[in-house]
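The values are calculated or read from the model by the stated rules, or taken from the named source; none is laboratory data. Here the structure is a predicted model, which is why all the values come from computation and not from measurement. Here the Cβ is made from the backbone with ideal geometry for all residues, glycine too, and neighbour counts use every protein chain on show.
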Amino acid sequence: MKSQLAIKLGITFSLMLNLSAQAQNVELQKAIAQNYQSQLRPLFEHFHQNPELSFMETNTSARLAKELRAIGYEVTEGVAKTGVVAILKNGPGPLVMLRADMDGLPLEEKSGLPYASRVQQKDGEGKTQFVMHACGHDVHITSLIGTAVQMMARRAQWSGTLMLIGQPAEERVGGALAMMKDQVWQRFGKPDYALAFHVDAGSEAGKITAVEGSPYSGVDTVEITVHGVGTHGAYPHLGKDPVVIAAQIVLALQTIVTREVAPREPAVITVGSFHAGTKSNIISDQAKLQLSVRSENKATRALLLSAIKRVAKHTALAAGLPDSLLPEVVEVDTPTPPTLNDIPLTQRLKKVWAERIGKDAFATDKMRDGMGAEDFPFFTSEPYIPSVYFSIGGTPKEDFDKEKSGGTKVPGHHSPLFKITPEPAIRAGVEASVVALMDLLKK
């Protein structure tokens, strides 16, 4: 009898807790909706209309800092040039970081939105460029402010320290590393947990996706200089044509992924740039290739980089080039590690999202179909910080239904046609962030 009574009491208590959690989340949703109309909607439109290029986010970071100070956070500007760090200390407990990236892209916006960007800005080389938020970073910083509002309003319900980061230059995959070089953890404290999210044009607006593993790949940039022997285009037998050799290298590189990497192991080698020659009737003495190499673990990365050097060298040898003219294969820039979600932490947050927001909060048919990279892991890899990088859908379901029926294709990220439906994306971004933070900072 006692055992049955204990079971019944346990079930009753569990139901009461669940109802209490759901009631709290209804209140949170109402508060976010009100804040969206009064503050976040005009802020989003301001950020969208006023994008800035990487490491040039001067006005964006100033506005972000101003908003966070007004809420009551301790704000530091100028971290890694344009980065922002906001701190809210709220008693004993863990330090949890939430990051949002701020930069736009050098694109002329053609979305047709009434608040479309017409901004032009000089880039680092002095060239005037149109600038556009073509990847949704305006959603991220707007949501960061919305999250700051809700966490301040609920500080009686949590304990610890909240760190909000406005990061520059994600599009150049350099801002997170620059902030680390500027001693961000030494200056403000090393987080116990780190979170970030990205709005996703490829999934239904307001829906959460959280991968248990790697949501984004690591990337290396490789340059190959192919040497040859120049001659007249009418006398190819007197030279060694680097264009032909480089073209053979391009084709041979594709067999590395298809024949050397296991079929279910993610890997990509993309030759994005091929430059050679000056005139149609001159066989040049040099060709240059630029490669984007993507992987998700150290072993595959090592295999790809080694195989690229081998293929370049032996293709040149097969063409009859001497050792003195073999290709130069150089890894340029700092390699970006893969984004690796901490699996136990991801499972924990998915559980609390399901309990608080509902099981229908998740994107059900979202499949990962690419190998995009992110610089967020520069914050979390060395030293290791348990982290979760999730995504929030940004396109209404009816737009996908129209596309499937032969209608207009939904534009992807980095397109001049890119657009996000802001309200469901921002509200869901704030809600998911607050629910996760409240769980990690719970008393």
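Residues considered: Val352, Val330. Of these, the only one that is of a type in the set (Val, Ile, Thr), out of contact with any helix residue (DSSP H, G or I) (no Cβ under 9 Å at 6 or more places or on another chain) and at negative phi is Val330.
Taking the range 142-191 as the range and being under 24 Å from the mean Cα position of the chain (by Cα), among the hydrophobic types (A, V, I, L, M, F, W, C) and outside any helix (DSSP H, G or I) as the test, the residues that pass are Leu162, Met163, Leu164, Ile165, Ala169, Val173.
Is there a residue in the range 303-313 that is assigned to a helix (DSSP H, G or I) and within 22 Å of Arg368 (Cα to Cα)? Yes, that holds for at least one residue. Filtering the range 81-107 to residues that are of a type outside the set (A, V, I, L, M, F, W, C) and under 21 Å from the mean Cα position of the chain (by Cα) leaves Lys81, Thr82, Gly83, Arg99, Asp101, Asp103, Gly104, Pro106.
Residue-by-condition table, conditions (1) assigned by TED's automatic domain parsing to the domain that holds Lys404; (2) within 28 Å of Glu403 (Cα to Cα); (3) in contact with a strand residue (DSSP E or B) (Cβ under 9 Å, 6 or more places away or on another chain):
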residue: Thr142; (1), (2), (3): yes, no, yes
residue: Val149; (1), (2), (3): yes, no, no
residue: Met152; (1), (2), (3): yes, no, yes
residue: Met163; (1), (2), (3): yes, no, yes
residue: Val173; (1), (2), (3): yes, no, yes
residue: Ala178; (1), (2), (3): yes, no, yes
residue: Val184; (1), (2), (3): yes, no, yes
residue: Lys190; (1), (2), (3): yes, no, yes
residue: Ala210; (1), (2), (3): yes, yes, yes
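For Ser292, the criteria (1) closer than 30 Å to Arg264 by Cα; (2) outside any strand (DSSP E or B); (3) small (Gly, Ala, Ser) hold in every case but one, which is (2).
Looking only at residues in the range 219-236 that are touching a strand residue (DSSP E or B) at 6+ places or on another chain (Cβ under 9 Å) and aliphatic (A, V, I, L, M), which one is nearest to Leu340 (Cα to Cα)?
So in the range 219-236, the residues touching a strand residue (DSSP E or B) at 6+ places or on another chain (Cβ under 9 Å) come out as 219-233, 235-236.
Of the ones still in play, those that are also aliphatic (A, V, I, L, M) are 219, 222, 224, 226, 229.
Values: Val219: 13, Val222: 23, Ile224: 29, Val226: 35, Val229: 46 Å.
Per the criteria, the residue is Val219.
Looking at the range 8-30, is at least one residue within 21 Å of Gly136 (Cα to Cα), at pLDDT 95 or above and touching a helix residue (DSSP H, G or I) at 6+ places or on another chain (Cβ under 9 Å)? No. Among the residues of the range 166-177, is any in contact with a Pro (Cβ under 7 Å, 6 or more places away or on another chain) and either polar (S, T, N, Q) or touching a residue at least 24 places away in the same chain (Cβ under 8 Å) (or both)? So far as the range 166-177 goes, yes, one or more of its residues are in contact with a Pro (Cβ under 7 Å, 6 or more places away or on another chain) and either polar (S, T, N, Q) or touching a residue at least 24 places away in the same chain (Cβ under 8 Å) (or both).
Within the range 107-124, can one find any residue that is of a type outside the set (D, E, K, R), at pLDDT below 95 and surrounded by fewer than 24 Cβ atoms within 10 Å (Cβ to Cβ)?
yes
When we screen Leu321, Leu304, Leu345, Leu349 for residues that are crowded, with 18+ Cβ neighbours inside 10 Å, farther than 24 Å from Thr395 by Cβ and not assigned by TED's automatic domain parsing to the domain that holds Val222, the only hit is Leu345. Filtering Val261, Val244 for residues that are more than 28 Å from Ala302 (Cβ to Cβ) and in the same structural domain as Gly320 (by TED's automatic domain parsing) leaves a single hit, Val244.
Taking the criterion of being polar (S, T, N, Q) and either under 20 Å from Lys110 (Cβ atoms) or at pLDDT below 95 (or both), the residues of the range 373-404 that qualify are Ser381, Thr395.
Is it true that Glu77 is surrounded by fewer than 24 Cβ atoms within 10 Å (Cβ to Cβ), closer than 20 Å to Met179 by Cβ, in contact with a Ser or Thr (Cβ under 8 Å, 6 or more places away or on another chain) and at pLDDT 95 or above?
So Glu77 fits the description; yes.
Restricting the range 244-277 to residues that are in contact (Cβ under 8 Å) with a residue 40 or more places away in the chain and part of a loop (DSSP other than H, G, I, E, B) leaves a set whose member that is surrounded by the fewest Cβ atoms within 10 Å (Cβ to Cβ) is Glu260.
Here the range 371-401 is the region considered, the condition is being of a type outside the set (Ser, Thr, Tyr) and surrounded by fewer than 14 Cβ atoms within 10 Å (Cβ to Cβ), and the residue that is farthest from Gly189 (Cα to Cα) is Asp401.
If you check Ala354, Ala363, which single one turns out to be loosely packed, with under 15 Cβ neighbours inside 10 Å, in the same structural domain as Met152 (by TED's automatic domain parsing) and either under 17 Å from the mean Cα position of the chain (by Cα) or farther than 26 Å from Gly174 by Cβ (or both)?
Ala354
Taken together, the residues in the range 392-432 that are outside any strand (DSSP E or B) and either in contact (Cβ under 8 Å) with a residue 60 or more places away in the chain or not assigned by TED's automatic domain parsing to the domain that holds Trp353 (or both) amount to 26.
For the range 139-163, which residues satisfy the criterion of being touching a Pro at 6+ places or on another chain (Cβ under 7 Å) and not β-branched (Val, Ile, Thr)?
Within the range 139-163, Ser159, Gly160, Met163 qualify.
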